[in-house]
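Only the coordinates and a few stated rules stand behind these numbers; no lab work does. The structure displayed is predicted, hence computed values, not measured ones. No Cβ is skipped: glycine too gets one built from the backbone with ideal geometry, and neighbour counts run over all protein chains shown.
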Ligand code: ASP
């Protein structure tokens, strides 16, 4: 039954035949995408990664061949030899690029059979995701997945070329290494030769890339897998890919320029011309205007409208006059029903005890002057939704907001961030009405990039009751804030920056500490004893002592960039073999228990 390829050579791909090829002989190889049996005529759509061509088997022309074609089933792998023919005008298929021609078969070889797959690549309705992941090889045959993986390839190559052409070297760093601190749990690999010792899979190549700067490589990049054992959300994977880079002697804007360059290249291969430089905003501004360190600028910023109220107004509304009164405006939502207004209440987080005014009409009735000023200050149109978030009489203590710089005081910060979260929730809820999230084909509208700068150096870790590095402990503080390291950690700004697109963080980076004495100070400020610092990062502290050039860099999430460009709604759509939310690979069925013998060799005992 199974036939060999013999001396057959594929001459064409299934998606590339055109009218100009009519009259030519062609050898196509691919999968049976679909068969239609009209009795005397049998139509087979043959598919490869380039597309589909229709093959015709005519009983009158060649009864034996027609009979053989009758054996074909979905997803059989075949070679079809025939002549390309212009279709009759009434049979032209405008939906596919090869729709003007068909292949009149003269010979057929069945290269392999297939069991009836659990679902077909051409099915209009997708099976559930579990099925797709278990039979990923079938799922990947689908046109949409083929397109996503091709796009990923093109983006990766474009980024590589862009960086390489600027003198960046792609240098590999180890996967079996020691714990690197990016704030997540490590995946561990037990050592057989040294029982009881473990390697950690890198959460990022952070220390290695810094050491490459010490080693004189000047400009490094790597499109690299990182491993973080975190609780998974829809947009997280335990292993994911970063575009990681590091440079010697850069100012932050030099790093931004490089990133803007490769993002332009990546967006270009996806068909979008984006403009650089991206706008910039300090962390403080981002919090004040958007209540978030990753502002989504597709909707209007928030406005502090405290000044619209008189002291008596504030008092009768029980608003704390010392805290901001934030107006959130969502365009074109129109008037809300009472029920809709009630639905807003639970959307406000209780953190920091904020007050909510979701009934602007009522406010307008009782405080017409203030309401008019609010409309004016926030440039509201008549059908815009306006919701106010204000500080309560007694703001609750919330030390976890630590790391907030003095310009945005702790309690102000709580009001802004509560308002920021509500703004996003409202934006999601009413996306059909404001329409700002819909792409219109204009990159300046569809892709709102932003650099957020001047992050706080530290944030308060509630659990550990101590200051933690907001980015990572190798980030350089602002020179002017050095003296506050011990006395006022919350006020220390970092030379750290994030690249943000449409309210998602694409990546983070910083200028690093290049002096050993300062690195020690930071470890100390983070509550690490000399001993602890030496045992965890001794090798790095030592390396810093051998002539370390000033350096800095960044890492961006490749999966997320591809996801956005593919207009996919999950990272799993752009990763060939992803894991589920429970970190399981359903196709290979990993993780699994291992044999007693393997465990014994590693000196590991599993608690039952
Ligand atoms: N290693 C950092 C991260 O993975 C990025 C950087 O600072 O370059 O977030």
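Let me make sure I get this right: for the range 78-126, a, b and c are the square roots of the gyration tensor eigenvalues over alpha carbons, sorted descending. Under 1.5 in a/c it's rounded, otherwise prolate if a/b > b/c, else oblate. Which is it? Each step should come with its number before you reach the end.
Details: a/c = 3.92, a/b = 1.24, b/c = 3.15.
Oblate is the answer for the range 78-126, as a/c is 1.5 or above yet b/c matches or exceeds a/b.
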Relative contact order of the range 493-608: what whole-number percent is it, with Cα pairs under 8 angstrom and at least 6 residues apart?
20 percent
Pairwise centroid distance, computed over Cα atoms, of the range 326-386 with the range 31-73, Å
63 Å
In degrees from 0 to 90, rounded to the nearest 10, what is the angle of the helix 143-165 Cα long axis to the longest principal axis of the chain?
60 degrees
Suppose we keep just the alpha-carbon trace of the range 166-208; what are its Rg and Dmax in angstrom?
12.8, 45
Going by C-beta contacts inside 10 Å, put 584, 32 in order with the fewest on the left.
584, 32
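Could you work out the relative contact order of the range 254-364? I mean the mean sequence separation of Cα pairs under 8 Å and 6+ apart, divided by the number of residues, in percent. Numbers along the way, then the final one.
Details: 60 pairs, mean separation 16.6, N = 111.
Reported as a whole number, the value is 15 percent.
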Quick note on 231, 461, ordering by fewest other C-beta atoms within 10 Å, gives 231, 461
Kindly identify the range 367-503 as rounded, prolate or oblate by the Cα gyration tensor criterion: order the square roots of the eigenvalues as a ≥ b ≥ c, call it rounded if a/c is under 1.5, otherwise compare a/b with b/c, prolate if a/b is larger, else oblate.
oblate
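How much length is gained if the chain between residue 600 and residue 58 is pulled fully straight, taking 0.36 nm per residue apart and subtracting their Cα-Cα distance, in nm to one decimal?
Working: separation 542, 0.36 × 542 = 195.12 nm, distance 6.50 nm.
Length difference between fully extended and current span is 188.6 nm.
Using only the Cα atoms, what convex hull volume per residue in Å³ does the range 541-603 have?
Spelled out: Cα convex hull of the range 541-603, divided by residues, is 189 Å³.
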If r is the Cβ-Cβ distance from residue 111 to residue 253 and R0 is 60 Å, what FRET efficiency results, to the nearest 0.05?
0.60
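Rounded to the nearest 5, what % of the DSSP beta bridges within the chain are antiparallel ones? Write down the numbers at each step before the final one.
On the way: 86 of 93 bridges.
The answer is about 90 percent antiparallel.
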Can you tell me the order of 150-157, 116-123 when each peptide is scored by its average per-residue count of other Cβ atoms within 10 angstrom, highest first?
150-157, 116-123
Which distance in nm do the two modelled labels at residue 239 and residue 83 give, with both placed 7 Å along the Cα-to-Cβ direction?
5.2 nm
Give me the Kirkwood hydrodynamic radius of the chain in Å, from all C-alpha pairs, to one decimal place?
28.6 Å
Could you give the length gained by full extension between residue 231 and residue 428, i.e. 0.36 nm per residue of separation minus their alpha carbon distance, to one decimal place?
68.6 nm
Taking every alpha carbon pair in the range 1-138 and sorting the distances into 5 angstrom bins from 0 up to the bin holding the longest one, the percent per bin comes out as 2, 10, 20, 22, 21, 13, 8, 4, 1, 0
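Expressed as cubic angstrom per residue, what is the convex hull volume of the alpha carbon set of the range 114-270?
Details: hull volume 28.7 nm³, N = 157.
In the range 114-270, the Cα convex hull volume per residue is 183 Å³.
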Where labels lie 7 Å past Cα in the beta-carbon direction, separation of residue 524 and residue 546 in nm
2.6 nm
Listing 130, 364 by rising number of other beta-carbon atoms within 10 angstrom, fewest first, gives 130, 364
For helix 410-429, report the angle its Cα long axis makes with the longest principal axis of the Cα atoms of the chain; keep it between 0 and 90° and round to the nearest 10°.
30 degrees
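Remind me, relative contact order of the chain in percent, using alpha carbon pairs under 8 angstrom and six or more residues apart?
Contact order relative to length: 13 percent.
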Distance-filtered residues of the range 25-53 - backbone nitrogen under 20 Å, label point 7 angstrom along residue 147 Cα→Cβ:
31, 33-34, 46-53
